Amino acid sequence: MALDTGKFTLPTPSWLQTLRYNEWWRFKVPFLLGIYFWQIKFTNIPMDAFWINAGLLVVWMFGAAGFGYFVNDCFDIDQDAAAGKPNRSGNLSIANRWAVAIGLLAVALLPWIWLPGNFTSALLIGFHLLTFLLYSISPIRFKERYYLGAITDALYSYFLPVLLVAYTAWLINNLPPNYYIPNSYQALALATWAMAAGLRNIIQHHILDRRKDRISGTANIINRYGLRFNVNLLRWLFIPLEIGMFAFAVYFTDNYTALLYSLLGFFCLWQLLPVVRINLRQPLNFRLDLGLFTLNTFYEIYLPFGFLIAFSMAQPWYWATILPYHFLFPNPLISFTLWILALVFHHLLLRWLWIVRLILSRIVNYSIHYTHVAYRYARGIKPYDPRHQHDA
């Protein structure tokens, strides 16, 4: 297993594989950074403070996500073995599992020494970590309590981290004072959108994993209530609610509203292609299978990349952050842009490089020649003429 950086791969250390690093680093972390970019007023704070706070949030995301995935794996060892799923936590002793869990918990809490926060932040952090335990640990184990498990998953994967990142950005925007109450309509729209997105995501995840879960005996909403019922929930409730509430939250945001609506509209039109079902036997007979519709790519790729471009257009120094961002979180949009630039460079510059070389060589050679002639003239030396070699 390797870490993909867009152009080449690096070997992934075994301890990162134990944390299932590849399942969340390139997805959850860019998504939450996109929320930070969205809610922060980057023109109000220096560039170094902007990226220091972003880095501290990434450290928190690493610790929290690693803690959640690792704890879940520790209590899924037997079930994963029955389903044939890899679970590297089973190779660790109980003492080592405790050490890893405590270490990840410390990593998740340490950044909040420097990040702005208050009592509300502490409640969100504590409840977020608690949901990981409620979801996984027996005998509570909400994971196997059907819709209670789906709600808990939506809380720790979308609802709570989105609110925590957004609230932290609001505090950064308004320091001092340390206590700030955001726009209530915007907060309600963000909360509703995040919950709908989380429920949509976990239901689709269960749909994809339903066969393995049936083999391992894992109780979930698909095996209990059926595929059709949950697909209808996605079509008629969670997906429309997610799109609508995201658009509603954008309406109450004064940061790049037009950019967000443009990105969302373009992506929704693009994403409709794989969910349209056309009956070729009957003209104009088609339907939308919205149960397959997902905005994850929009959240994880378009959202953070769009804001980075917008920041760079406003302050040119931000262009220098795009390549480091791409190295940490490989982005296909950035890879495509770099490929286009390389293609343009090759065809427009390298193709005509011989002309540039010819002109430069003439400039250099004639400069040397006439400098030498001027030097001989200044010294009173007769200019060298190859036709009169006896003058040498």
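The values are calculated or read from the model by the stated rules, or taken from the named source; none is laboratory data. Fair warning: this is a prediction, and the values are worked out from it, not measured in the lab. For neighbour counting, all protein chains shown are included, and Cβ atoms are generated from backbone atoms with ideal geometry for every residue, glycine included.
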query: Within segment 246-268, can you find the residues that are at pLDDT 80 or above and either exposed (fewer than 15 other Cβ atoms within 10 Å of the Cβ) or touching a His at 6+ places or on another chain (Cβ under 7 Å) (or both)?
result: Tyr251, Thr257, Ala258, Tyr261, Ser262, Gly265, Phe266, Cys268
field: When residues of segment 305-336 are limited to those that are touching a residue at least 24 places away in the same chain (Cβ under 8 Å) and polar (S, T, N, Q), the one farthest from Asn44 (Cα to Cα)
entry: Ser335
task: For Thr294, work out the one condition from (1) modelled with pLDDT under 80; (2) part of a loop (DSSP other than H, G, I, E, B) it doesn't fulfil.
output: (1)
- prompt: In the list Trp51, Trp24, which residue meets the criterion of being among the hydrophobic types (A, V, I, L, M, F, W, C), closer than 22 Å to Pro116 by Cβ and surrounded by fewer than 21 Cβ atoms within 10 Å (Cβ to Cβ)?
  reply: Trp51
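Here is a yes/no grid of residues against (1) at pLDDT below 80; (2) among the aliphatic types (A, V, I, L, M); (3) not in a helix (DSSP H, G or I):
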site: Thr192; (1), (2), (3): no, no, no
site: Met195; (1), (2), (3): no, yes, no
site: Asn201; (1), (2), (3): no, no, no
site: Thr218; (1), (2), (3): yes, no, yes
site: Phe229; (1), (2), (3): no, no, no
site: Arg235; (1), (2), (3): no, no, no
site: Pro240; (1), (2), (3): no, no, no
site: Gly244; (1), (2), (3): no, no, no
task: Considering only segment 326-341, state which residues are within 20 Å of Phe31 (Cα to Cα), surrounded by fewer than 19 Cβ atoms within 10 Å (Cβ to Cβ) and aromatic (Phe, Trp, Tyr).
output: Phe327, Phe336
task: Look at Ala99 and say whether it is at pLDDT 80 or above, assigned by TED's automatic domain parsing to the domain that holds Gly126 and farther than 16 Å from Tyr156 by Cα.
output: yes
